[in-house]
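Colleague: Okay, handing you the structure first.
What follows draws every value from the coordinates through simple rules; no lab data is involved. Since this is a predicted model, take the numbers as computed values, not measurements. For neighbour counting, all protein chains shown are included, and Cβ atoms are generated from backbone atoms with ideal geometry for every residue, glycine included.
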Amino acid sequence: MLFLYLFTITTILWQKNFTDGPATMSQLFDSKIDVCHKDGKVILKAEPGLDNFPNAWFYLDENLAFTDKDVLELSMKVESCEIRLRYFYRKEGKREYYSYVHIISPDTAYQKIILPLDEARPFYGTEFPEALTPGKKPVLYIFMSSDIPGMFDVEIDWISIIRRESDKEEK
C-alpha cells in the first residue's frame, strides 16, 4: 500500500503590521492623498476632483530574494471604488522587474488578498518603477490606484511575503 502525503511548509520572508507608522508610503501625480496611521493600520483617503485619479505606492528596500514559490498577501479594506493593485518585484538572479495587476472590489469588511508571485510577467524596456527611488534598487513596489476619479478610501492592516514549499513523502 502506498500513501502519498503532501504538506506545505510556509515561511514568512517579510511582514509589515504598520504598528510604527506608514513606512515608505508615497503618491504619484497631483492628487493629494492623506496617509494616516491609526490602530496599527495605514489609512489612505482622498477626494480628488473629477480630473484626478487617486493613487498611492510604497516600496520594500530590504535584501530579500524572491522566487516563484513566494506569495504576496495583504489584509485590506476598500470602501470607495474598485482599486487596481499592481506590484513589481525583482526575482532572484534577474535584473528586470516582474509585474502583476489585481483588481480589488469594494467591501466594508477586510479582505485577505493572496497574490502568487509566479503569476507576474517580466516588465521590460523602461526606467519605471526604479526612477521613483533614485540611487536605490528596491526589491518590491506596490501601487494602488483608482481607475475612476473621485473618492479613494483604503485601509491596510498588514502585508506579508510568504514562501511556500511543498514536500512529498511516500510510505
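Colleague: Between His37 and Thr133, what is the label-to-label distance in nm when each label sits 7 Å out along the Cα-to-Cβ direction?
Modeller: 1.8
Colleague: Give me a comma-separated list of calculated 3J(HN,Hα) values for region 39-46, in order, Karplus coefficients 6.51, -1.76, 1.60 applied at θ = phi - 60°, integers in Hz, x for any Gly or Pro.
Modeller: Here the 3J(HN,Hα) series is 6, x, 10, 9, 10, 10, 9, 7 Hz.
Colleague: Continuing with this model, one more query. Evaluate the distance, in nm, between pseudo-label points positioned 7 Å from the Cα of Lys69 and of His102 along their respective Cα→Cβ axes.
Modeller: Label-label distance for Lys69 and His102, simple model: 2.0 nm.
Colleague: Next question, about the same structure. Among Met151, Met76, Met144, what is the fewest-to-most ranking by other Cβ atoms within 10 Å? Show your work: numbers first, answer last.
Modeller: Values: Met151 14, Met76 22, Met144 25.
In order of increasing Cβ crowding within 10 Å: Met151, Met76, Met144.
Colleague: So which GluC sites (Glu not before Pro) in region 86-130 are both in a DSSP loop and have at most 16 other Cβ atoms within 10 Å of their Cβ?
Modeller: On the way: sites: Glu92, Glu96, Glu119, Glu127, Glu130; in loops: Glu92, Glu96, Glu127.
In loop regions of region 86-130 (DSSP not H, G, I, E or B), the sparsely surrounded GluC sites (Glu not before Pro) are Glu92, Glu96, Glu127.
Colleague: May I ask for the net charge around Ile43, where only other residues with Cβ less than 12 Å from the Cβ of Ile43 are counted and Lys, Arg are +1 while Asp, Glu are -1? Write out the running numbers ahead of the final one.
Modeller: On the way: positive: Lys38, Lys41, Lys45, Lys77; negative: Asp34, Asp39, Glu79, Asp153, Glu155, Asp157.
Local charge sum for Ile43: -2.
Colleague: Summing +1 for each Lys or Arg and -1 for each Asp or Glu, what net charge is found among the other residues whose Cβ lies under 15 Å from the Cβ of Glu92? Walk me through the intermediate numbers first.
Modeller: On the way: positive: Lys69, Arg90, Lys91, Lys94, Arg95, Lys137, Arg163; negative: Glu62, Asp68, Asp70, Glu96, Asp118, Glu165.
Counting the neighbours of Glu92, the net charge comes to +1.
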